[in-house]
Structure formats: structure tokens, C-alpha cells
Amino acid sequence: MKKGLLIIISGPSGVGKGTLWKPLMLDPKYNLAYSISMTTRPMREGEVNGKQYFFKTKAGFKKAIKDGELLEYATYCDNYYGTPKHYVEQLRNKGKNVLLEIEVQGAIDVMKFMKKQKDHKLLTIFVLPPSKDELLARLNKRGTESKEIVQQRITTAKFELAQAKYYQHTIVNDDITKAQSQLREIISNAINNNV
């Protein structure tokens, strides 16, 4: 059995990353598994521990860092986010193509880790907004966060947009149908070529 790909999708908050990749999870030809991240951010209404995220206290998260249990981790808007290493490797060893939707800081750490491990089964995709104004409108439209958090996300987005050059592929999410089609093509090519 071939080891699965590690697929990283990043982009600023509010750019529509989940809207693009979630439909692909239903298509068996991609053999995708979503890696659930660990976080210290508060649970939002409707979220379930172990489904959207593994929710941890800051102390619990710091212990996971100390014990080397994370493939990557980053702080974002005063919270920790990370990818459980064992969970990802277990899925990949079963032949699953594991999709990570992670922040830019963490993605760059994973790229370095994979290079160090000489593991070339990595696909990186950065999702761009049509414009900065559109991104701002999307963040404000959500209505799930305070103005201060929205402002933090905008500041972080400026940094993230500058990091797109480190990714193998970029997709501008200005038309959902077109962007989903591009994502399907990128992932299909990587699977067929087995990176």
C-alpha cells in the first residue's frame, strides 16, 4: 500500500478554504481524510470536541508540545493551534491522502519537517481572496467575533498573503465553482503523479 499524500491548504481567515475543500471529502476517488487540529481557542456554538477540533487547555497544549506530539503548532490571535503527528501518520500509512487546513506559520513548519524527513509526498495550496476589500467584507459578515478579533485577523492576513510564494499552488477564490474546479485538478494531478 502506498503512503498517502499530505495536502496543506492555507489562506487568510474568511477566504473560504473550507467551502472549497469540504465537497471533495465526499468523493471517494480522492481518498481524503481530514486531519483534526488541536486548539486552545474557545469552542464556537455548534462545535463538538473531536469533530471540528480537539479542544485543549493551554496547559494541555503545552504538554503536547513538550512531549513532541505535534507535527506543527502556531499561535494565532492569542490561541494555540497544532496538528497531532501520530494521527496524521496513522492515516497516511493506511494510504489516505491527509488534508490539513492550517495557518501559514504551521504550514511552513510542516514544509521544513517534510523536507528534513525527505518525504516528498507533500502538496501545498494557498487560497487567495479576490481582493483585500472582499476579505474584510467576508470577515465582518461572519458576525462570530468581536471587532478586536476581526482586526487581529486582518493584520494576520496581511502577513499570510505575503507567504503565498512558498506554496506550490495558489487559487484565487473569486468564483466558487472555478476555484473548486482548480482545487480538484491540482489534487487529482498530485494523486495521479503520486508527487
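The values are calculated or read from the model by the stated rules, or taken from the named source; none is laboratory data. For clarity, every value in this text was computed on a predicted model and none was experimentally measured. Methodologically, a virtual Cβ is constructed for each residue, glycine included, from the backbone with ideal geometry; neighbour enumeration extends over all protein chains shown. Remember, those area values only see protein heavy atoms, side chains included, never the ligands or the DNA or RNA. Shrake-Rupley method; radii C 1.70, N 1.55, O 1.52, S 1.80 Å.
Side notes on the structure shown:
- Here Glu160 meets the list (1) open to solvent by 30 Å² or more (accessible area, probe 1.4 Å); (2) touching a Ser or Thr at 6+ places or on another chain (Cβ under 9 Å); (3) part of a helix (DSSP H, G or I); (4) of a type in the set (D, E, K, R) almost entirely, failing just condition (1).
- Strands (runs of 3 or more DSSP E) completely within the range 53-100 that count 2 or more residues being touching a Leu at 6+ places or on another chain (Cβ under 6 Å) and of a type outside the set (Phe, Trp, Tyr): 79-84
- Hits in the range 163-195 (condition: open to solvent by 40 Å² or more (accessible area, probe 1.4 Å), under 18 Å from Ala107 (Cβ atoms), in contact with a Ser or Thr (Cβ under 9 Å, 6 or more places away or on another chain) and part of a helix (DSSP H, G or I)): Tyr166
- Here Lys3, Lys29 are screened, and the one residue that is assigned to a loop (DSSP other than H, G, I, E, B) and more than 25 Å from Lys165 (Cα to Cα) is Lys3.
- Tally of residues being over 21 Å from Trp21 (Cα atoms), open to solvent by 50 Å² or more (accessible area, probe 1.4 Å) and not acidic (Asp, Glu) across the range 108-136: 9
- Which numbered condition Val104 fails, given (1) over 18 Å from Thr75 (Cβ atoms); (2) open to solvent by less than 60 Å² (accessible area, probe 1.4 Å): (1)
- Given (1) of a type outside the set (A, V, I, L, M); (2) without any contact (Cβ under 8 Å) to a residue 60 or more places away in the chain; (3) open to solvent by 60 Å² or more (accessible area, probe 1.4 Å); (4) at negative phi, number of the condition Glu72 does not satisfy: (3)
- Summed over the range 1-41, the residues that are surrounded by fewer than 14 Cβ atoms within 10 Å (Cβ to Cβ) and among the hydroxyl-bearing types (Ser, Thr, Tyr) give a count of 1.
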